[in-house]
Amino acid sequence: MTGVETYPSGTTDFTSCLRSLQSRRPQALLLPNFPIDVKKQGRQARSLGMTAVFLGASGWNDPELARDP
């Protein structure tokens with residue numbers, strides 16, 4: 001593990017957290033978050049050029065994640 005970032009409920013811009021993680025060059029990101037947050041985090045991470053593998057938890061079973069990456 002290279003780092004941990006937290007955010008308050010209702011956050012929509014995860015860029016600051018993601019940039020902090022990106023500077024550590026992670027091979028994977030563990031995102032055990034609500035599906036609505038995971039979608040935003042994934043999109044924002046990729047837009048920053050992050051190529052890390054995304055890992056999740058049981059919340060990732062939500063069909064919404066599969067429909068609209």
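Of the candidates 67, 25, the single residue that is more than 9 Å from the chain's Cα centre (by Cα) and on the phi > 0 side of the Ramachandran plot is 25. Could you list, in sequence order, all residues of the stretch 39-51 that are more than 10 Å from the chain's Cα centre (by Cα) and open to solvent by less than 80 Å² (accessible area, probe 1.4 Å)? Answer for the stretch 39-51, where residues must be more than 10 Å from the chain's Cα centre (by Cα) and open to solvent by less than 80 Å² (accessible area, probe 1.4 Å): 48, 49, 50.
Whether any residue in the stretch 36-48 is among the β-branched types (Val, Ile, Thr) and outside any helix (DSSP H, G or I) is what I want to check. For the stretch 36-48, residues among the β-branched types (Val, Ile, Thr) and outside any helix (DSSP H, G or I): absent. Pairs linking a residue in the stretch 15-32 that is of a type outside the set (A, V, I, L, M, F, W, C) and in a loop (DSSP other than H, G, I, E, B) to a residue that is modelled with pLDDT under 95 and surrounded by 14 or more Cβ atoms within 10 Å (Cβ to Cβ), with Cβ atoms under 8 Å and 6 or more positions apart or on different chains, are 32/56; 32/59.
Here is the figure for the stretch 1-38: residues that are closer than 17 Å to residue 56 by Cβ, of a type in the set (D, E, K, R) and surrounded by fewer than 17 Cβ atoms within 10 Å (Cβ to Cβ) total 1.
The values are calculated or read from the model by the stated rules, or taken from the named source; none is laboratory data. As the structure is a prediction and not an experimental result, all values here were calculated from the model. Every residue, glycine as well, gets a Cβ built from its backbone with ideal geometry; the counts of neighbours run over all protein chains shown. Side chains are part of the model used for accessible areas, which takes the heavy atoms of the whole protein and leaves out ligands, DNA and RNA. Shrake-Rupley method; radii C 1.70, N 1.55, O 1.52, S 1.80 Å.
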